Amino acid sequence: MRIEQHPIITFNRGKKIQFSYDGKVYEGYEGEPIAAALHNAGIRVLGHSHRLGRPRGFYCAIGNCSSCLMVVDGKPNVRVCVEKLKEGMVVETQIGRGDIK
């Protein structure tokens, strides 16, 4: 599911690393957006709408919308389309609006 070659864009990937999502270990490339690593792993639903509970996925990919809000390393409301992946990150599906601690 990952684009490996593109006629215009050059992909500068970091080293392959591991992170967890909802308790399961996945691999991605250091520095890529968390949402890209999840997409490559086959995860298409990143959350659900607050009012109707409809699934939300990778939408704007620039941090403008709120379709990709997740809990990252215990911090809620992280836009995973722009948050860079780091070794050992703990990513969790956010239920509701996210509790601010």
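All of the numbers you see were taken from the coordinates with simple rules; none came from a lab. This one's a predicted model, so the numbers in the text were calculated from it and none came from an experiment. Reconstructed Cβ throughout: ideal geometry from the backbone, glycine too, with neighbour counts over all protein chains shown.
For region 1-93, applying the loop criterion from DSSP together with a ceiling of 13 other beta carbons within 10 Å to the GluC sites (Glu not before Pro) yields Glu4, Glu87. Here the 3J(HN,Hα) profile of region 24-35, calculated from phi with Karplus coefficients 6.51, -1.76 and 1.60 at θ = phi - 60°, is 10, 8, 10, 10, x, 10, 3, x, 7, x, 4, 4 Hz, Gly and Pro shown as x. A simple spin-label model places the labels of Asp73 and Ile95 2.5 nm from each other, with each point 7 Å out along Cα-to-Cβ. Fewest-first ordering of Leu52, Leu69 by other beta carbons within 10 Å of each residue's beta carbon gives Leu52, Leu69.
For region 62-70, putting each phi into the Karplus relation 6.51 cos²θ - 1.76 cosθ + 1.60 with θ = phi - 60° gives couplings of 10, x, 8, 8, 10, 6, 10, 5, 9 Hz, in residue order, rounded to whole numbers and with x for Gly and Pro. Quick one: among Ser67, Ser49, Ser20, which has the greatest mean-square fluctuation in a GNM of the chain with alpha-carbon springs under 10 angstrom? Residue with maximal mean-square fluctuation among Ser67, Ser49, Ser20: Ser49. Length gained on full extension, Ile62 to Ser49: 2.8 nm, using 0.36 nm per residue less the C-alpha separation.
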